[in-house]
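A.B. asks: Attaching a single structure in structure tokens format; questions to follow.
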Amino acid sequence: MAHEVSPESYKDLVLFLATAGIVAPLFKRLRINPILGYLLAGVILGPFGLGRFIPVAPWLNHVTVDKPDEIAQLAEFGVVFLLFMIGLELSWERLRLMRKLVFGLGAIQVVGGSLALGAAAMLLGQAPMAALAIGAALTLSSTAIAVPVLAERRRLHSEAGRATFSVLLFQDLAVAPILITLEILGRGHGGFQPRDLISLVPAGIGLGVIVLVGRLALRPMMRSVAKAKSEEMFMAACLLVIIGAGLVSALSGLSMALGAFVAGVLLAETEYRREVEVKIEPFKGLLLSLFFVSLGIRLDLSLLVAHPALILGAAAGLLVVKAAVVFGAGLAMGLDRRAAIEAGLILAAGGEFAFVLLDNAVGAGVVPAAIGHAVLVSATLTMFLIPALAALGGRVGRRAPVAQPSEAPPRSAPVQHVGDEPAGQVLIVGYGRVGRLVSDMLGRHDLPWLAVERDARLVEQGRREGGRIYYGDASRLELLERCGLATAKAVIVTMDSPDSAEAVVAATRAARPDVSIVARARDARHAARLYELGATDAVPETIEASLQLSEAALVDIGVPMGLVIASIHERRDEYRKALNRPDALGGRRRRLRDASL
């Protein structure tokens, strides 16, 4: 018997999907960060928005969310996936290159901001532990809004952009210790007690289990799934790692987000890192959108109406204190004055993790619920100002020095973080017999390279030999971008599948009109097709084999080596010009029928 469908059961889900389908395209067209749209949509659709007018207009019940607690429970996975992607983006090399700003400027900002904002909270009458929790939550800025805004304004490679990203990275690292501290405060009912150390034993065991299992079983499991060459199985394995690590962490008394973060760090050093990023990005994006909608739903703007001076004063104080702390810390770390001002303005607003930390603090009894809600309203109001603050900071910092490419954070990723692949490397697509020879020649000339290969066995073999190889399907532009396509010096396509090679060449040329693309072709007709798709050079296997045979025969017959080499180069140029003519492919095929035999 078919189950009866109740439209009311799916109303909240339909409202969210409609919001995602309308808000994101609309705000992108208006060049406004969609996250602000999700927050605003949550405010409108929530019980404190249109929901207040249901007694007057009952029909509004059909366009408002009536089960915010259920949405909030699902939306928590947005933070879980976000922290997993943050962990996945970390690497020791990246931290080493930016260690001065990350662990210097970032640490000063987090510690100094927490103390300054905590002191302000104490002056307003809060207990020391509550004030410290509020200060720690408010000192964190919005990675999800600030990085895309900087990327859109082309300021990521500026001195201020580099400093801003470094501080955001340290803040991401600081979330886990702050969460653990709040767990301790909750167990001690607002203070530290000796038994708290004993109560943390299950948490330590849980983290130990995640790390041990991750070290021993994570790579073999991913390798086994990759060898099956099933997109669905690989995606299921990724979700299992995230949710499984999160559940182990939750069962040990910590948050799911912390377990997912550790799992991301463990996967970051494996060859499956880039493919996992591509697979998880849609889930992270959708769930994070739901998370921001949920934040807006819980935002009680009646507090702003009831206490406008308090809420607006707290928001203004937050902006002034954080901007001053970043400005002072920037000058102490040697930043240019204009860059320090710009970084201070961008980092002045509150961030998404303030909601996570304050929710934990309120749940642990460290911060009173009424105070926590008022602080969240103030922090959210400042998040709406980030684009304007970034624009103002850009005007101030326009003359600030630009960071060197080797020190600047590379292009932003879908998780809202920037990658760590070096600029100017050569990207090799396919690491089979031909790809290995190409990488060897590049190494002989001291040229940095990175390879992408779909065969897990070839990836494993190349990794054992010390090569920088990632598992994944390079025909997808998202994977190429995460492997450093934005700054690559050249792309060499060595795949033996004509369709796959054509897809890579087309995607690469669409994304990088200026990059050099050298592609392996099956024959002359395939080479002509690759030239049409934008290849700089296409090398047909049949023609190259014929030329090499001719070279060997002529030398053996006794023709001087110099003349042979010159004639071979001349003939190769003739083939290249013929294949690269701008007329129709059909015409090429007819003229080159003999050459393809």
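The values are calculated or read from the model by the stated rules, or taken from the named source; none is laboratory data. Since this is a predicted model, take the numbers as computed values, not measurements. Using ideal geometry, Cβ is built from the backbone for each residue, glycine included, and neighbour counts are taken over all protein chains shown.
A.B. asks: Considering only region 481-521, state which residues are aliphatic (A, V, I, L, M), under 27 Å from Cys238 (Cα atoms) and not in a helix (DSSP H, G or I).
C.D. replies: Passing the criteria: only Met495.
A.B. asks: Further question: How about region 364-381: which of its residues are in a helix (DSSP H, G or I), of a type in the set (Gly, Ala, Ser) and touching a helix residue (DSSP H, G or I) at 6+ places or on another chain (Cβ under 7 Å)?
C.D. replies: If the condition is that a residue be in a helix (DSSP H, G or I), of a type in the set (Gly, Ala, Ser) and touching a helix residue (DSSP H, G or I) at 6+ places or on another chain (Cβ under 7 Å), then Ala369, Gly372, Ala374, Ser378, Ala379 are the ones that fit.
A.B. asks: I've got another one for you. Does at least one position in region 129-140 carry a residue that is surrounded by 23 or more Cβ atoms within 10 Å (Cβ to Cβ) and not in a helix (DSSP H, G or I)?
C.D. replies: yes
A.B. asks: Still on this model: Quick check, is Leu74 surrounded by fewer than 21 Cβ atoms within 10 Å (Cβ to Cβ), assigned to a helix (DSSP H, G or I) and touching a residue at least 40 places away in the same chain (Cβ under 8 Å)?
C.D. replies: yes
A.B. asks: Answer yes or no as to whether Leu247 is surrounded by fewer than 20 Cβ atoms within 10 Å (Cβ to Cβ) and farther than 21 Å from Val213 by Cα.
C.D. replies: Answer is no for this residue.
A.B. asks: So Val539 fits all but one of (1) touching a residue at least 12 places away in the same chain (Cβ under 8 Å); (2) in a helix (DSSP H, G or I); what number is the exception?
C.D. replies: Val539 satisfies all of (1) touching a residue at least 12 places away in the same chain (Cβ under 8 Å); (2) in a helix (DSSP H, G or I) except (2).
A.B. asks: Based on what the data block shows, is Gly344 buried (at least 21 other Cβ atoms within 10 Å of the Cβ) and farther than 23 Å from Pro47 by Cβ?
C.D. replies: Answer is yes for this residue.
A.B. asks: Only one residue in Ala324, Ala343, Ala348 is part of a helix (DSSP H, G or I), within 21 Å of Ile134 (Cα to Cα), of a type in the set (Gly, Ala, Ser) and in the same structural domain as Ala160 (by TED's automatic domain parsing), so which one is that?
C.D. replies: Step by step, each of Ala324, Ala343, Ala348 is checked, and only Ala324 is part of a helix (DSSP H, G or I), within 21 Å of Ile134 (Cα to Cα), of a type in the set (Gly, Ala, Ser) and in the same structural domain as Ala160 (by TED's automatic domain parsing).
A.B. asks: Glu271 - would you say it is in a helix (DSSP H, G or I) and touching a strand residue (DSSP E or B) at 6+ places or on another chain (Cβ under 9 Å)?
C.D. replies: Spelling it out, it is not the case that Glu271 is in a helix (DSSP H, G or I) and touching a strand residue (DSSP E or B) at 6+ places or on another chain (Cβ under 9 Å).
A.B. asks: For region 141-176, which residues satisfy the criterion of being touching a Phe, Trp or Tyr at 6+ places or on another chain (Cβ under 8 Å) and not in a helix (DSSP H, G or I)?
C.D. replies: Across region 141-176, the qualifying residue is only Leu156.
A.B. asks: Next up: Which one is surrounded by the fewest Cβ atoms within 10 Å (Cβ to Cβ), of the residues in region 33-69 that are among the aliphatic types (A, V, I, L, M) and over 23 Å from Ala349 (Cα atoms)?
C.D. replies: Val56
A.B. asks: Moving on. Would you check which residues across region 460-491 are modelled with pLDDT under 90 and β-branched (Val, Ile, Thr) and list them?
C.D. replies: Thr487
A.B. asks: I've got another one for you. What pairs can you find where one residue is in region 466-480 and part of a helix (DSSP H, G or I), the other is buried (at least 17 other Cβ atoms within 10 Å of the Cβ) and basic (Lys, Arg), and their Cβ atoms are less than 8 Å apart, with a gap of 6+ or different chains?
C.D. replies: Pairs that qualify, where the first residue is part of a helix (DSSP H, G or I) and the partner is buried (at least 17 other Cβ atoms within 10 Å of the Cβ) and basic (Lys, Arg), are Leu479/Arg274.
A.B. asks: Then there's this: Filter region 18-57 for residues that are closer than 22 Å to Ile386 by Cβ and basic (Lys, Arg); which is nearest to the chain's Cα centre (by Cα)?
C.D. replies: Ranking the qualifying residues of region 18-57, first place goes to Lys28.
A.B. asks: Considering region 34-53 alone, what residues qualify as being touching a Pro at 6+ places or on another chain (Cβ under 9 Å) and outside any helix (DSSP H, G or I)?
C.D. replies: Residues satisfying the conditions are Gly46, Pro47.
A.B. asks: Just to be sure before I move on: is Gly313 part of a helix (DSSP H, G or I) and touching a residue at least 60 places away in the same chain (Cβ under 8 Å) in the structure I sent?
C.D. replies: Against the criterion (part of a helix (DSSP H, G or I) and touching a residue at least 60 places away in the same chain (Cβ under 8 Å)), Gly313 does not qualify.
A.B. asks: Consider Asp420 carefully, then state whether it is modelled with pLDDT under 85 and not assigned by TED's automatic domain parsing to the domain that holds Val225.
C.D. replies: Answer is yes for this residue.
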